[in-house]
Amino acid sequence: MELTGESTYQAATAVAGIIESHFIRHLTAAKEDGAENLATAPTAGIVERIIDVAFWASLRREEGNSTRMSLAFVSPAQAGKPLLFEQPLPLNPQVLTKLAPGVERAGVHVGVWHDGEELYIWGTTIKLPNFCFVLDVSEPGLLVVKHRRILGLGKFTNVAMLKGDQIKVVDENSGNNTCSPGILKSLLGMDSSALWNNPENVLIQIAVSMRAHRRGGILLVVPDGSHAWKDSIVQPLQYPVYPAFSGVADLLRQDSSTVSEIYWQNALRREVENMTGLTAVDGATVINEHHELLAFGAKITRAGSSTPVEKIILMEPVVGGRPSYVHPSSIGGTRHLSAAQFVHDQHDAIALVASQDGYFTIFSWSPAKEMVQAHKVDILLL
């Protein structure tokens, strides 16, 4: 399909070919692996047009509210049981702005398709085929390209972020390092699991929920059955939890074959929000590897036998991103310094740090480098 007209948003033109290649590569590989229910790969022209229209719509307001929505390039035939408009609507900023109040809820996608020459809006859907091109209009000037995971579970996989004239494309190979934490590999789609109760899938939901409350916070994930982590926490604990709260853990122990996907999504969301709300309390929230809550409001301190952390390796999973060696306080202040010190002392633990401004960092220990590594992953959580 060839679209007439040129984009007036230059970033759309710059990234369209890269995104087209991404979807062709993944859909081709999935087809060779025998995957079913695969989406249609968008051409560069389609990608450019959808991004261009969505960008200008994001700068508009309807009754004082910003335009927020999710656009999906999918035909009605592949959208399960879609909500169909009697007459298709033209894809332009004015139409998107008017539709936005009714389609801004999570999980609702505005369906976009073509008639051979022009793109149009046919309705909405909550069901998408595998590797479907999705564009989230997150806030004014901020767009995120993503696709549905092949297994259909958990958060969609992010492909690129556009913010004004800034473009960041996710580097899918950035998790190949053997020292990369499991949550990073899962976010990049490398170690996706078909199990809804997979620990990494759940940890991703916890990270998304932490970031969503916009108050900032630290979550420490410590080995199950170990008390060594207490050496790096000011005693006595301000808010210890005993016995350990197992709301999330109990849910994950259920037989996954006995419950529906909708059930676990709703139940998990409730349990996760119940726990991650506590990360907004000053101090760190501590859970074990089975997602049992051990304490919150904990004050991190340097273990008596340890040394101050002076340098960490900072990485971001984007094309062109290069590791840099920095002092941990330079990437976010006291909260990040405390988390880095904790992992410096407790090599078997990881620390998730959410900033009030939306930035998100995963701290873990690198045996190869023998130092703390910090992965900035907010681009993967948008």
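Here are a few things to note about the model shown:
- Scanning the stretch 290-314 for residues that are under 22 Å from residue 200 (Cα atoms), open to solvent by 30 Å² or more (accessible area, probe 1.4 Å) and at pLDDT 95 or above yields a count of 3.
- Matching option when the condition is free of Cβ contacts under 8 Å to residues at least 40 places away in the same chain and either loosely packed, with under 15 Cβ neighbours inside 10 Å or outside the structural domain of residue 263 (by the TED database) (or both), among 212, 228: 212
- Candidates in the stretch 76-99 are the residues that are out of contact with any Gly (no Cβ under 8 Å at 6 or more places or on another chain), at negative phi and in a loop (DSSP other than H, G, I, E, B); of these, the one that is most open to solvent (accessible area, probe 1.4 Å) is 81.
- Considering residues of the stretch 49-67 that are under 25 Å from residue 16 (Cβ atoms) and modelled with pLDDT under 95 only, the residue least open to solvent (accessible area, probe 1.4 Å): 67
- Residue 308 vs. criteria farther than 23 Å from residue 213 by Cβ, without any contact (Cβ under 8 Å) to a residue 60 or more places away in the chain and out of contact with any Pro (no Cβ under 7 Å at 6 or more places or on another chain): yes
- If the condition is being buried (at least 20 other Cβ atoms within 10 Å of the Cβ) and within 18 Å of residue 217 (Cβ to Cβ), then the stretch 315-330 contributes only 328.
- Tabulated pairs, the stretch 312-326, first in contact (Cβ under 8 Å) with a residue 12 or more places away in the chain, second among the aliphatic types (A, V, I, L, M) and part of a loop (DSSP other than H, G, I, E, B), C-beta under 8 angstrom, 6+ apart or interchain: 316/377; 317/188; 317/377
- Pair list, Cβ under 7 Å, 6 or more apart: the stretch 363-382 residue open to solvent by 40 Å² or more (accessible area, probe 1.4 Å), other residue among the hydroxyl-bearing types (Ser, Thr, Tyr): 376/359; 376/361
Residues are listed down the side, and each one gets a yes or a no for (1) modelled with pLDDT under 90; (2) closer than 22 Å to residue 252 by Cβ; (3) of a type outside the set (Asp, Glu); (4) open to solvent by less than 20 Å² (accessible area, probe 1.4 Å):
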| residue | (1), (2), (3), (4) |
| --- | --- |
| 135 | no, no, yes, yes |
| 139 | no, no, no, no |
| 146 | no, no, yes, yes |
| 154 | yes, yes, yes, no |
| 159 | no, no, yes, yes |
| 173 | yes, no, yes, no |
| 188 | yes, no, yes, yes |
| 198 | yes, yes, yes, no |
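- Here residue 18 fulfils each of the conditions (1) over 23 Å from the mean Cα position of the chain (by Cα); (2) at pLDDT 95 or above; (3) open to solvent by 40 Å² or more (accessible area, probe 1.4 Å) apart from (1).
- Scanning the stretch 346-362 for residues that are open to solvent by less than 30 Å² (accessible area, probe 1.4 Å), of a type outside the set (S, T, N, Q) and out of contact with any strand residue (DSSP E or B) (no Cβ under 6 Å at 6 or more places or on another chain) returns a single hit, 358.
The values are calculated or read from the model by the stated rules, or taken from the named source; none is laboratory data. Values in this document were obtained by computation on a predicted structure and should not be read as measured data. FYI the Cβ positions are ideal-geometry reconstructions off the backbone, even for glycines, and counts take in every protein chain you see. Side chains are part of the model used for accessible areas, which takes the heavy atoms of the whole protein and leaves out ligands, DNA and RNA. Shrake-Rupley method; radii C 1.70, N 1.55, O 1.52, S 1.80 Å.
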